[in-house]
Amino acid sequence: MPMQREVISDEVPPSPEVLRLVETMLGDGPFDLSLVGASDPAHAKARQESAAALRESDWPNLGRYEALNAELVASGARPDVVFMGDSITEIWPLADPDLFGPTHVGRGISGQTSPQMLARFWPDVIALKPGAVHLLCGTNDVAGNTGPTTPNRYKATVSAMVALAEASGVRVILGAVPPSGTMLWQPGFDPKPWIAELNEWLVGLARERGRAFVDYHAALSDGAGAMRRDFSHDGVHPNRRGYGAMRQALAPFVAGPATAS
């Protein structure tokens, strides 16, 4: 989600500023909204300009994991699971490092929508020849991060990623769009109806294709369509408690990572 364009992963160390933001988001203490510039017009403008510049250069951010992918392919190792997604996936290794390792690879990028993920699905997933892909996306589609969109466009891009995985013999694990009652970067917008529609469709897609569906919405929801307050500081990104609930929901479908010998 569009808070920072810098790397947030367990593979490349984040800057001190980004680490401070992420650790604050994950922790139990009070959350300072100024860290994300939620009420700072200058910060919002800079973020929009940064996103526009990216679209004109490497819109899907194909270069983000390019070197890591080349290294992994050259090693001959094949991950058990590739986690494809947005900032919720990108931050996950910091929140729950025990879930990730040589066999569980994170490929999340902050702020991304499903069309961007589709554009990098081959190099960041298929080319790695994993046993499975965990696909978690939709929050930024709902927010319109890459421009106006519709539920049908989301369904088309997710369907394309599922078809690519199936054609390549990669097992698909579909994650529900997490609950959100508000989005700091879209004041006044109610994302709940969109999220409900997309999740209803994802459930049907998983049933139709015989694929696993992890109900993160149920795991994180306050019962009214928003994320539980004890699971998030900003109502969108889980804290460590929230990631703990996600890990429990995921457990029946993904075992812990194998350790390097």
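The values are calculated or read from the model by the stated rules, or taken from the named source; none is laboratory data. Everything quoted here is computed from the prediction, not taken from an experiment. Cβ atoms come from the backbone with ideal geometry, glycine included; neighbour counts cover every protein chain shown. Accessible surface is based on the protein model in full, side chains and every heavy atom, while ligands, DNA and RNA are left aside. Shrake-Rupley method; radii C 1.70, N 1.55, O 1.52, S 1.80 Å.
When the residues of region 232-254 are narrowed to those that are assigned to a loop (DSSP other than H, G, I, E, B) and in contact (Cβ under 8 Å) with a residue 60 or more places away in the chain, which ends up nearest to THR89 (Cα to Cα)? The qualifying residue nearest to THR89 (Cα to Cα) is HIS237. Pairs linking a residue in region 108-132 that is over 23 Å from LEU198 (Cα atoms) to a residue that is assigned to a helix (DSSP H, G or I) and aliphatic (A, V, I, L, M), with Cβ atoms under 8 Å and 6 or more positions apart or on different chains, are TRP122/LEU164; ILE126/LEU164; ILE126/ALA165; ALA127/VAL73; LEU128/LEU72; LEU128/VAL73. For region 73-93, taking the residues that are over 9 Å from ILE109 (Cα atoms) and assigned to a strand (DSSP E or B), the one that is farthest from the chain's Cα centre (by Cα) is identified as VAL81.
Quick one: would you say VAL170 is modelled with pLDDT of 95 or more, over 21 Å from ILE91 (Cα atoms), in contact with a Gly (Cβ under 8 Å, 6 or more places away or on another chain) and not polar (S, T, N, Q)? Here the answer is yes, as VAL170 does meet what is asked. Can ASP96 be described as within 15 Å of the chain's Cα centre (by Cα), over 21 Å from VAL170 (Cβ atoms), surrounded by fewer than 19 Cβ atoms within 10 Å (Cβ to Cβ) and touching a residue at least 12 places away in the same chain (Cβ under 8 Å)? Considered against the rule, which asks whether it is within 15 Å of the chain's Cα centre (by Cα), over 21 Å from VAL170 (Cβ atoms), surrounded by fewer than 19 Cβ atoms within 10 Å (Cβ to Cβ) and touching a residue at least 12 places away in the same chain (Cβ under 8 Å), ASP96 comes out as yes. Among the residues of region 133-145, none qualifies, meaning not one is open to solvent by less than 50 Å² (accessible area, probe 1.4 Å) and over 17 Å from the mean Cα position of the chain (by Cα). The criterion of at least 2 residues that are among the small types (Gly, Ala, Ser) is met, among strands (runs of 3 or more DSSP E) falling completely within region 98-212, by 104-108. Just a yes or no: is a residue in region 133-149 of a type in the set (Gly, Ala, Ser) and over 23 Å from HIS237 (Cα atoms)? Checked region 133-149: no residue is of a type in the set (Gly, Ala, Ser) and over 23 Å from HIS237 (Cα atoms).
The set of residues from region 143-153 being touching a Pro at 6+ places or on another chain (Cβ under 9 Å) and at pLDDT 95 or above comprises just one member, ARG153. Checked against (1) closer than 17 Å to LEU136 by Cα; (2) crowded, with 18+ Cβ neighbours inside 10 Å; (3) out of contact with any Lys or Arg (no Cβ under 7 Å at 6 or more places or on another chain), SER232 passes all but condition (1). Filtering region 64-93 to residues that are under 22 Å from ARG171 (Cα atoms), buried (at least 23 other Cβ atoms within 10 Å of the Cβ) and among the hydrophobic types (A, V, I, L, M, F, W, C) leaves VAL81, VAL82, PHE83, MET84, ILE88, TRP92.
Exactly one residue out of ASN199, ASN239 is touching a His at 6+ places or on another chain (Cβ under 7 Å) and either within 30 Å of PRO102 (Cα to Cα) or at pLDDT below 95 (or both), and it is ASN239. Looking across region 206-237, the residues that are hydrophobic (A, V, I, L, M, F, W, C) and within 19 Å of the chain's Cα centre (by Cα) come down to ALA206, ALA212, PHE213, VAL214, ALA218, ALA219, LEU220, ALA226, MET227, PHE231, VAL236.
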